[in-house]
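Here the structure is laid out as structure tokens; the discussion comes afterwards.
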Amino acid sequence: MSPEPTNTLPSEESTGERNNTSAVTAVDKVARRVRVQPARGAKNPRSKVEAWTLGLAGLLLMAALPLLNLSIPGILPTPTYQPGSLQLLAMCMLMAAAALSYHLLIGVAGLLSFGHALYFGAGSYGLAIILNNFGLPLLPAMGLTLVVALVLSTFTGMVALRVTGIPFAMVSLAFAQAGSVLVRRNPGGATGGEEGVSPDTAGIPDFLIGVANTRNLYWLSLLTLLIVIVVVTWVQSSRAGHVAAAVRENELRVRVLGLQPYWAKLLIFVVAGVLAAAVGMVFVLLQSGTVPRQVSADFTITLLVMVVLGGVGSKWGAVIGGVLYTLLDQRLSAFANSSAVESLPAILHVPLSEPLFILGALFVLVVLFMPGGLTGAVRRLRERLSANSVAKRN
Amino acid sequence: MSTLILLLITGVGLGALYFLVASGLSLIYGLMGVLNFAHGAFLTLGAFVSWEMSRRIGEGTWLTFIITLVIGAAVGGVFAALTEFALIRPLYNRHIEQVLVTVGLSLAAVAIFEGVWGTDSQYTKGPEWFTRTTDVLGAQVPNDRFVTIIVAALVLLGVVLFLKKTRYGMIIRAGVENRSMVTALGIDVRKAFTLVFTIGGAAAGIGGVLASHYFGYVSPALGGSLLIFAFIVTVIGGLGSLAGAAIASVVVGVLQQITNFYWGMGDFVVIVLLAVVLLTKPTGLMGKTA
Amino acid sequence: MIPENIEPILRVQGLRAAIDGSQVVDGVDFEVPATGITALLGRNGVGKTSTIKSIIGLITRTGGTIELAGERIEKVPTHKIIQRGVGYVPEDREVFSALSVAENLKLAERDEHPNRQLVDELFPDLVKRAHQAAGSLSGGQQQMVSLARALLNDNKLLLVDEPTKGLAPKIVQEVAQALAVAAQSVPILLVEQNLAVVRQLAAGAIILSGGKVVHRTESATDFLNDEALTQRFLGVQSEGAVEQSADTTSGGML
């Protein structure tokens, strides 16, 4: 047997008996899994109401932040109503949304993609290029960008999904690399090469331009995150979501059931790509520009790090990972340039002054010692606590 | 005609660099199912340490060049062996997690390289002969191309001899085909894991030294940029196949050079080639039919 | 044919094993006597191969104990179990197709003085084809390689999984002969669907269903002669069908 290219981390020895598994029980198994899945989020009605209330309160708080004068020293650079903090928070939300679109791939469909940045870049570069060259107003330009992203992700997805597992990872990486090369080449002066490109402000409404309007961009980012959460939740609970999840567990059994894993995976791949493009569009407005890094494998890896930090397979983990990573990245850069680090001996000073070293090392530690990331750790802690309280009651 | 010959030889030289990275990637993947994102870091470290050494012992001589090749191989091999031992082995058989730690390692390693050597390119200086050209049927081919090709061919020969003639080579070939059956014959296959990492790392380290002369500089991003094409080469050649990696390396290198020269689209053509291969033969040119 | 009353070579108690979360071996208890061939029988998909694989740790064991010659091995990694003296002949032969016949055998040699002579006498065909790639051999020849790999070493126990599967009748007899010779010096646990071969070779038998042992007998022949029992446990008429048909309606496992 060859090492199986698969995402489900099988035991290498699992081939022999699997063939013997009777078809009937295999079908049962998948059907059960498919049915069981949606029930997990439902829990009991009271906790559902609680969750909704909590979510709504959180949303209102986030929406109200630009109107409030809150200071969180050490985390936010300025009080919350000022552009500095709003810009950082908006970036946190966009990265959370981007990580969430990536969660659809790795967490739901079990696809380890190294090319997701391509679609984010299609959104950011696409919108900028369309605004700069076609003279369209913002909304039609956004619509057109999404169509481009849809076509691009469908086409590349159809090829890449011909293989699974690690080969899929490599192929997705290659496609993104093509995008990255294209962007750096600056064809027809459209992408601005290494400098990147800024969207022409002519097509963009005034209330989305300038530092003074950062809070409008902040609200736009919040809205984007909200929409991405809703779409991701919907896809996860859809039939395609369940098939993809079942494929992640055991592709063979899904095939036995007569389901078409390819199309379910493609659908999820395309939705994830279009969502990433949507986030990319808001990103280019927020940053008033985009650079080749946003199309590079590095950016995809950043998304991957976010999702793994938060916990693979957890929707809220992706959101938390996105926010946390963005804050850490920002804070670590400040930390790296601080005089405290400067004064350290070289052996400590060199690594600590490289934010990527700290993030990379942190990532390795999480993978090695904290399976399930932050949400996994929280869940284990909660289970232990409730087990303790049950033990006490008895 | 002379342009074409120049492009051909330069392309084979580039392919030789790809092969030095791809051979290790392919063997590691074939035996262990691990996609090693840190492989570029092995290459870059080999290149930087060799560059440092050559500055200490005097650049520009053949002896220095040969010493740096040895150092590059040693540094790459040791780094790779440590990686396998400390990061890969604890995650035995958890392929996705294994990929993730190599991703983390490559991030951290590149950041350290930037911290130590800076983000700018460091220019290298080989023996005087490297900078001259040799006339091949009218084409003036820079001599460092030949060195790259010859060294890569020697590495290929060495690896093939090792795989064919030694007991561990036999274990690796058997393990690429069916790892669990190797253990079921009473062989501890994990020793072979460390070994393929070491061999792959050493090849990458040699590749780093050669790349630093081929391109004329070392930078923290050197390994990463070669790694992506090495990935493409391994997929086109067929994962786990050394011969496939060798053939695909040359094909990709030559194709890239020629199209780059005439149409400036080399990188795209390579990716189109990848798509075509996948659509017609998803296992790659010499891949096993899974 | 009844085994002597001495310590069994293999004692399995409450063995459980899972693949991808499915319990494929679900509390199996049995013993393999220190001499002769013991057959492990059951319909398709009842966990025979999984039981064999979990004994040597090729499938993750989730519970129970295994004793080989009185020593516990349920936590010992595969290669060390084999080194203690277990020969394994897997279900689908699993020869290394890119390696030559000689290399396949070389790889399997554990002892300082492997039983070359025995193997060469049993399988003269392999001597002639020593330098041929194992992948280019016929199914029967590949089975010879697979058997030879196990017989090269002095073993305490052989685990042989469906050695006659898909082979022509003439080759089936050759394989059965080889097993009979081997059984003179080493106890064998044999999974076999060809009931004629079982009749010919096996002393005792263990019958699995649904990942559990449902029947044990000290005489496989008596069991096979009992129409009611074979019908109930194997789903076939007693006078052994050569190839038991794949029983997709069983559903008795997992």
Self-check item: Inter-probe distance in nm under a simple model that places probes 7 Å from Cα toward Cβ, at C:S138 and B:T61
Solution: 6.7
Quiz item: On average over all directions, what projected area in square nanometres does the protein assembly as shown have, based on the convex hull of its Cα atoms?
Solution: 44.8
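Can you pull the Rg over Rh of segment A:79-393, Cα-only, Kirkwood?
Details: Rg = 20.5 Å, Rh = 20.5 Å.
So for segment A:79-393, dividing Rg by the Kirkwood Rh gives 1.00.
Taking GluC sites (Glu not before Pro) as exposed when DSSP calls them loop (any state but H, G, I, E, B) and at most 11 other Cβ atoms lie within 10 Å, what is the longest stretch of chain C free of them, the sites themselves excluded? Don't skip to the answer; put the middle values down first.
On the way: sites that count: C:E4, C:E112.
The longest uninterrupted stretch comes out as C:113-254.
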Quiz item: What is the gain in length, in nm to one decimal, between A:N69 and A:Q260 on full extension, counting 0.36 nm per residue of separation less the C-alpha to C-alpha distance?
Solution: 63.5 nm
Quiz item: Which three lengths, in whole Å and largest first, does chain B cover when its Cα atoms are put on their principal axes?
Solution: 57, 46, 35
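What is the calculated FRET efficiency for A:R331 to C:R72, with r their C-beta to C-beta distance and R₀ = 60 Å, to the nearest 0.05?
Values: r = 53 Å, r/R0 = 0.88.
With a Förster radius of 60 Å, E is 0.70.
Are there chymotrypsin sites (Phe, Trp or Tyr not before Pro) in segment B:85-134 that DSSP marks as loop and that have at most 13 other Cβ atoms within 10 Å, and which are they?
Numbers: sites: B:F85, B:Y92, B:F113, B:W117, B:Y123, B:W129, B:F130; in loops: B:Y92.
Those that pass, being in a loop and sparsely packed, are B:Y92.
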Exercise. Enumerate the amide H contacts of C:V214 below 5 Å, restricted to partners 5 or more residues apart or on another chain; note that Pro and chain-start residues carry no placed amide H.
Key: C:I207, C:L208, C:S209
Quiz item: In whole angstrom, and with the biggest value first, how far do the Cα coordinates of segment C:86-154 range along each principal axis?
Solution: 29, 25, 18
Quiz item: Tell me, what HN-Hα J-couplings in whole Hz come from the Karplus equation 6.51 cos²θ - 1.76 cosθ + 1.60 at θ = phi - 60° for each residue of segment A:314-329, using x for Gly and Pro?
Solution: 10, 4, 6, x, 4, 5, 4, x, x, 5, 4, 4, 4, 5, 4, 4
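For a Förster distance of 41 Å, can you work out the FRET efficiency between the beta-carbons of C:S219 and A:E249, rounded to the nearest 0.05?
Working: r = 44 Å, r/R0 = 1.06.
Computed FRET efficiency for C:S219 and A:E249 comes out at 0.40.
Which FRET efficiency, nearest 0.05, do A:R185 and B:V136 yield, Cβ-Cβ r, R0 41 Å?
Details: r = 31 Å, r/R0 = 0.75.
The pair A:R185/B:V136 has a calculated efficiency of 0.85.
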Quiz prompt | Selected from B:S106, B:I67, B:Y168, residue furthest toward positive end of dipole (segment B:43-183; charges at beta carbon) | solution = B:Y168
Quiz item: Could you give the angle, 0 to 90 degrees to the nearest 10, between helix B:167-177's Cα long axis and the longest principal axis of the Cα atoms of chain B?
Solution: 80
Quiz item: What is the spin-label model distance, in nm, from B:V70 to A:R239 if the labels are put 7 Å beyond Cα along the C-beta direction?
Solution: 6.8
Quiz item: Angle, helix B:242-262 long axis vs. longest principal axis of chain B, Cα atoms, 0 to 90°, nearest 10?
Solution: 30
Practice problem: Let me know the charge dipole size of segment A:228-347 about its Cα centre in debye, to the nearest 20, where only the beta-carbon of Lys, Arg (+1) and Asp, Glu (-1) is charged. | Solution: 460
Exercise. Return the sequence-ordered ³J(HN,Hα) values of segment B:185-191 in whole Hz as given by the Karplus equation 6.51 cos²θ - 1.76 cosθ + 1.60 applied to θ = phi - 60°, using x for Gly and Pro.
Key: 9, x, 9, 7, 6, 5, 4
Quiz item: Using alpha carbons only, how many degrees (0 to 90, rounded to 10) separate the axis of helix B:39-57 from the longest principal axis of chain B?
Solution: 50
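Readers should treat all values here as calculations from the given coordinates under stated rules, not as data from a laboratory. On a predicted model such as this, the values are computed, not experimentally measured, just so you know. Neighbour counts run over all protein chains shown; Cβ positions are idealised from the backbone, glycine included.
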